[in-house]
């Protein structure tokens, strides 16, 4: 897997995490236990810090970046969908970031919230707990998300990462 230090910025990957061989991890990126980083995902901590909690899935093609003033922090049991882009934001535990969505600087996604597929969460926006952000630019729908459902999805990715660790082989 392409894992790179950049100067004195070095990734820290928990030994129980799964990073697919085609994912890229650069710089100050910290990946917690049982988290999974899937093909073509890029986690780049060149200017700032990227933190991924435990049992969190960063799916195919997602781009996770940080800038010097705004680290990108993703909590435990989160699901970050395919082709999502997160930069300089905070995603609390059991949140779902939908495929193709964008979450920008200083945005906060609270526990159990959902960012719908294709939504754009602007700078400084907050998505309350158990709410959903939908549309471009995103608007909020209260009590529209379930942290329990997100935790179930996160558990599926923990199991899938275990399967990949055991069964994946190049042909």
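Selection over the stretch 125-151 of residues that are exposed (fewer than 12 other Cβ atoms within 10 Å of the Cβ) and either within 20 Å of residue 38 (Cβ to Cβ) or within 18 Å of the chain's Cα centre (by Cα) (or both) gives a count of 1.
Mind listing just one residue for me: the one in the stretch 18-53 that is touching a helix residue (DSSP H, G or I) at 6+ places or on another chain (Cβ under 9 Å) and part of a loop (DSSP other than H, G, I, E, B) and, of those, farthest from residue 90 (Cα to Cα)? My answer is 20.
Restricting attention to the stretch 139-171, the residues that are part of a loop (DSSP other than H, G, I, E, B), over 19 Å from residue 19 (Cβ atoms) and free of Cβ contacts under 8 Å to residues at least 24 places away in the same chain add up to 3.
Every read-out reported here was derived from the displayed coordinates using simple, explicitly stated rules and does not represent laboratory data. These figures come from a predicted structure and were not determined experimentally. Quick reminder, even Gly has a Cβ in these numbers, built from the backbone with ideal geometry, and neighbours come from all protein chains shown.
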